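See structure below.
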Amino acid sequence: MALFNESSAKGANPSRRLFLKQTGLVGGGLVLGVSFPSTTMAKLGLTSQPQFIPNAFIEIAANGDTLIYCGRCEMGQGISTALPAAVADELEADWQRVKVIQADGNEEKYGSQATGGSASIRTMYIPMREAGAAAKMMLVAAAAKVWGVDVAQCKADNHFVINTANQQKLAYGELASIAATLPVPDKPTLKTKGEYKYIGQDLARHNQGDIVQGTLTYGVDTKLPGMKYAAITHCPVLGGKLKSLDKSAAIKVKGVSAVVEIPRFDVPFGSIGGVAVVADNTWTAQQALKQLKIEWDLGTNQGYDTKAYKAMLVKNVENPAQMVTERGDVQQAFAAAAKTHKATYTGGHLSHSPMEPNASVVWVQPDSCEVWAATQSPGDIQAVLGQYLQRDPKDIVVHVTMAGGAFGRKFKCDYVHEAAVLSAAVKAPVQLTWSREEDMRTGYYHSINAQHIEAALDAQGNVTGWLHRAAFPSIPTLFDPSIQRPPANVIRDVDNHPFNVANFRSESGEAIAHTRIGWYRAVNAIFYGFAFGSFADELAEQAQQDTVAFLLQTYNNNTDPNQAEQVARSKAVLTEAATRSNWDKRHNLPKNQGLGIAVHYSFNTYVAMAVRVEVQGDNIKVLEVDAVVDCGQVLNTDSATAQMEGAVVMGMSYSLRTEVVFRDGAVVNSNFHDYPVLRINEMPQVNVHFLANDYKPTGLGEPGLGPFAPALANAVYAASGKRYRDLPFKPMAI
């Protein structure tokens, strides 16, 4: 079963030829179609109009209006504006004539639609530009054919092709049917940076008006004739099962259609098993759900307690563990050190908690299955439902709706599978909406974790040895529950740090999963960034240097030519962040204020953050954040800036207070009152700066989280002298 895995999170980077073939731009001509005057058709020797077949990404109507399809999921990150605008740029389209359509699930047509790993722009930027460029070249060739002139005499501009000799114009709508008969350019020529019209600009989101007016369709908005509504509850402990059920009171509630037991479907992203009530509306289903009398067999994980588990992880990393990587002689480096330093960093589980809870509509019929869902991976829905229904995944039609937040949670399609079970049971379309409490208590979680670092310094403050141990239940346990420690390839993320200390050893500590661990925005960069960035600040103090000078010195000591680019770009964002935040004047800040800085590389992107805080007793107030980003070519500065601002919002939440707590195997939290995400009145001033360069675009949705927590921790230390090494700094007492 082709389910999402760690490699597909990054997205397959299709070749140009394969992409054009998949999208209909090879073999059948340009599949854009409108009617051209019959006299012109006859003059060109064409006896009939080519058949109009909408292209995977580009469709031009008879009046020239253009549709551009977005194959990746829009969940607020702006991907459905950035990528279509890149297509329109190469197409030389008038953006005002473009309408963007969210594509249905169809990976044969659109390529990988898995939206995660900050990979959408990185993997689709060139292929989609090439699709637009190929279409433009064919439209230009069509105009040259009409005028009987050389192609070099024609140019495309703002939805027209212009004859540069006499300034005659032909609109795209007029040319499309002729262009469809022409050969496809094998190597479409792309614009140079100086020719960009939309790429790199501050474009408003294409659906901004719909969002403001409330007319956009989210996962919870789909309505079908005869649709039923459902609410669900699951065993609060992973691996538990239904022991007894008394549904007599619930079934008597007016409007209730059925009470359905959903068995565990033991595939990745399938239901863990539960009981659902189907009714005439969601409110009735939720109220009837409370009338169920359920007894659960809690199973083997009922003893899971996060406080005790975290203490066990600390023990596992503060003692020798399983070696993953070793280079040089770490023992000799420590023996010869002028100074040594060590610290342990920990963090708790996190819940995605998107504003829109899990919701989908599924209509299972004898010969079809249709889905409407806010999903990050329609391909996984097709795979899971195909296996459950014993049908070809291609026959599962998935309509991708706007997602009201996701952050990795909506990669997992358990909520869609459950709606399919219910639809098949009641023989009607069913909308299943999880309550906030249900997702908080039986969802997927960012991993609880512990890291221990020891370093050796020489007399000049150079890092000569580095020992890094990490222990956390990892995402691969979703696919293989027998995994008992982070796999080597997951631990090796620390090997790629641009410090590249000559004498280095990484180790993996035991950490068995007792709940579902899933992708959460930035994934391991959250705790790796916290450990590296915090420890660097501590080492700088040991070396009697300021943090920026210490980091620059450490980067300069990395002479590996394979990391030269990584070092240079890390130094560039760090230096700029220091300049923007007035790092050199940090000692002049008012009493109780402090400035901290950190830099982290993740998802092929370099981010440095400087955070200024005010600390009064236990109260930490974030005043200002300067974020400097090198993500290569920025496609849309508006949405790119929003990504960094959003990273600060999430970073403040999990750094200061949000943590999912388990006791007796079950989650204690239930909603935002005991999982308090950032409020708008707490938002600091955020200044976002992008470094201009000629690198290709890289990830942007997630890299901002890596450096935030350590920069905040370092700022708090500068203001108060107190070191925080556990996330969150001030967990709620629940």
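Table for the structure above
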| quantity | calculated |
| --- | --- |
| Residue check for Val87: farther than 15 Å from Arg205 by Cβ, among the β-branched types (Val, Ile, Thr) and not in a loop (DSSP other than H, G, I, E, B) | yes |
| Filter pass, Val523 being in a helix (DSSP H, G or I) and within 25 Å of the chain's Cα centre (by Cα) | no |
| Enumeration of residues in the stretch 260-295 that are under 30 Å from Phe479 (Cα atoms), assigned to a strand (DSSP E or B) and in contact with a helix residue (DSSP H, G or I) (Cβ under 9 Å, 6 or more places away or on another chain) | Val260, Ile262, Gly274, Val275, Ala276, Val277 |
| Arg723 vs. criteria out of contact with any Leu (no Cβ under 7 Å at 6 or more places or on another chain), closer than 25 Å to His452 by Cβ and of a type in the set (D, E, K, R) | yes |
| Answer residue from the stretch 222-257, given it is of a type in the set (D, E, K, R) and assigned to a strand (DSSP E or B) and is nearest to Ala420 (Cα to Cα) among those | Lys228 |
| Residue among Asp630, Asp674, Asp694 that alone is in the same structural domain as Asn714 (by TED's automatic domain parsing), under 20 Å from the mean Cα position of the chain (by Cα) and of a type in the set (D, E, K, R) | Asp630 |
| Hey, Gln566 surrounded by fewer than 22 Cβ atoms within 10 Å (Cβ to Cβ) and not in a helix (DSSP H, G or I) or not | no |
| Filtered residues of the stretch 302-318 (kept if of a type outside the set (Val, Ile, Thr), in a helix (DSSP H, G or I) and farther than 18 Å from Val237 by Cβ) | Lys310, Ala311, Met312, Leu313, Lys315, Asn316 |
| Verdict on Glu130 being in contact with a Leu (Cβ under 8 Å, 6 or more places away or on another chain), surrounded by 15 or more Cβ atoms within 10 Å (Cβ to Cβ), closer than 30 Å to Gly632 by Cα and not assigned by TED's automatic domain parsing to the domain that holds Thr698 | yes |
| Strands (runs of 3 or more DSSP E) (entirely within the stretch 354-460) containing at least 1 residues that are without any contact (Cβ under 8 Å) to a residue 24 or more places away in the chain and assigned by TED's automatic domain parsing to the domain that holds Gln643 | none |
| Residues satisfying the stated conditions in the stretch 560-616, i.e. farther than 15 Å from Met644 by Cβ, in contact with a Leu (Cβ under 9 Å, 6 or more places away or on another chain) and either at pLDDT below 95 or among the β-branched types (Val, Ile, Thr) (or both) | Thr575, Ile597, Val613 |
| One residue from Lys136, Lys99, Lys155 being surrounded by 22 or more Cβ atoms within 10 Å (Cβ to Cβ) and of a type in the set (Lys, Arg) | Lys136 |
| Evaluation of Thr123 against (1) out of contact with any Gly (no Cβ under 6 Å at 6 or more places or on another chain); (2) in a helix (DSSP H, G or I) (one fails), failing number | (1) |
| Test: residue in the stretch 604-620 that is among the hydroxyl-bearing types (Ser, Thr, Tyr) and free of Cβ contacts under 8 Å to residues at least 60 places away in the same chain | no |
| Among residues of the stretch 49-67, those that are over 15 Å from Ala86 (Cα atoms) and either buried (at least 17 other Cβ atoms within 10 Å of the Cβ) or at pLDDT below 75 (or both), counted | 13 |
| Among (1) within 18 Å of Thr66 (Cβ to Cβ); (2) touching a residue at least 24 places away in the same chain (Cβ under 8 Å), the one test that Pro127 misses | (1) |
| Candidate set from the stretch 380-407 (those that are surrounded by fewer than 24 Cβ atoms within 10 Å (Cβ to Cβ) and among the small types (Gly, Ala, Ser)); member that is nearest to Gln113 (Cα to Cα) | Ala383 |
| Residues satisfying the stated conditions in the stretch 665-700, i.e. farther than 17 Å from Gly348 by Cα, part of a loop (DSSP other than H, G, I, E, B) and among the charged types (D, E, K, R) | Arg679, Asp694, Lys696 |
| Top-ranked residue of the stretch 188-221 - restricted to ones that are small (Gly, Ala, Ser) and not in a helix (DSSP H, G or I), ranked as modelled with the highest pLDDT | Gly200 |
| Residue match in the stretch 357-379 (condition: of a type in the set (Asp, Glu) and under 30 Å from Gly651 (Cα atoms)) | no |
| Residue in the stretch 102-127 that is surrounded by the fewest Cβ atoms within 10 Å (Cβ to Cβ), counting only those that are in contact with a Cys (Cβ under 8 Å, 6 or more places away or on another chain) and over 11 Å from Phe57 (Cβ atoms) | Gln102 |
| So Leu350, is it of a type outside the set (Phe, Trp, Tyr), in a helix (DSSP H, G or I), touching a helix residue (DSSP H, G or I) at 6+ places or on another chain (Cβ under 6 Å) and surrounded by 18 or more Cβ atoms within 10 Å (Cβ to Cβ) | no |
| Of residues in the stretch 299-327 being over 22 Å from His446 (Cα atoms) and touching an Asp or Glu at 6+ places or on another chain (Cβ under 8 Å), the one surrounded by the fewest Cβ atoms within 10 Å (Cβ to Cβ) | Pro320 |
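The values are calculated or read from the model by the stated rules, or taken from the named source; none is laboratory data. Source: prediction; values computed, not measured. Using ideal geometry, Cβ is built from the backbone for each residue, glycine included, and neighbour counts are taken over all protein chains shown.
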